[in-house]
1. Could you check how many percent of all C-alpha pairs in the chain are farther apart than 27 Å?
2. Quick one: helix 282-294 against the long Cα principal axis of the chain, what's the angle to the nearest 10°, folded into 0 to 90?
3. Can you give the angle from 0 to 90° between the axis of helix 235-253 and the longest principal axis of the chain, with both taken from C-alpha atoms, to the nearest 10?
4. What is the order of 101, 267, 328, fewest Cβ neighbours within 10 Å to most?
5. Roughly how far apart, in whole Å, are the Cα centres of the range 168-192 and the range 101-143?
6. Which whole-number percentage describes the relative contact order of the chain, with Cα contacts under 8 Å and a sequence gap of 6 or more?
7. Considering only C-alpha atoms, what is the centroid distance from the range 237-306 to the range 40-90, in Å?
8. Which of rounded, prolate or oblate describes the range 42-99 when judged by the alpha-carbon gyration tensor and an a/c cut-off of 1.5?
Ligand code: SF4
Ligand code: SF4
């Protein structure tokens, strides 16, 4: 890391400090224009209130609140909760759960700042200007990535709670379409915000700024189970599972299968609850434990097998403005980047596959190529100068 820093050109140092300043400004703006929050708690509501009285204050539709109370979503919204047979405990549980999904607006600014920093590091700073391939071991040191992941877990996770997050933005969009949230405009903008942060650099929001993604990544960095880490499950299997779960989620949510219209199956395994220390439901506790334990030997199991945002952003990944690109005129197919990549992504790029695995912009492949055929660069740009070839 120290050598990398010393090797940076004057221009890159300016980029570094300019980027840090821009990140600070973005977060400062977020703090300044953070809207005042109305203090709402479970104690603000009574059993004499109806669903129609309470739902708007919680920012959900009557259907969503009925579902949260484990009632039929078509139940009368005018009757008091007492008449509907709801107990104090059930009311409190439902309100607390919905409040835990309330967006903390400052997090949007933190996500944007982190993605900006990550992008500049990947495109402009990771590889010192005028260094050649003999110095590649100093390119893209792990420390900036690890520090960003830790900041992500702390600030996009534990400090400000689970909402918003990319996975939730995708789920909320479909819940809004199903009539469970009242404000389609804001939910669509929130989803598009995360999607934009996913395509500005290849899945960069997932790779660098999603709190549960970061937690999995940090655990994966721990140097244990190295043999297991070399084994990868083929992308067609992981993506098929992820796609099938996504389609089943939609079919149940819209009531096309089963009798629980409005139900979101991800709710039972939502690991982002960890950031609110809300692990009361056994299924969530088990899911969090599995995702985290598996991360010691397997890369991002949640992202590969389950996450709906992971699936949707994979569909859009081909539109990425910046990403890992390989110069096929130089590439000898030696497999160095394929071995470094925790997924099938580098392999698909080397083999020019039409359907490619997700790339999380994790940097692992960017300092292993012996002939400088791989770079993180803008779409369409040729990756290398032959003069750099060693
Ligand atoms: S794919 Fe992984 S990193 Fe991306 S939003 Fe989902 S959980 Fe987070
Ligand atoms: S190692 Fe794989 S996932 Fe990481 S940046 Fe390279 S291609 Fe993407």
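1. For the chain, the fraction of Cα-Cα distances above 27 Å is 53 percent.
2. 10
3. With rounding to tens, the tilt is 20 degrees.
4. 328, 267, 101
5. Answer, in whole Å: 29.
6. On the way: 568 pairs, mean separation 68.4, N = 390.
Reported relative contact order: 18 percent.
7. Value for the Cα centre distance between the two parts: 26 Å.
8. It is rounded, given that a/c, with a ≥ b ≥ c, falls under 1.5.
Readers should treat all values here as calculations from the given coordinates under stated rules, not as data from a laboratory. Predicted model only: the values in this text are computed from it and were never measured. Neighbour counts run over all protein chains shown; Cβ positions are idealised from the backbone, glycine included.
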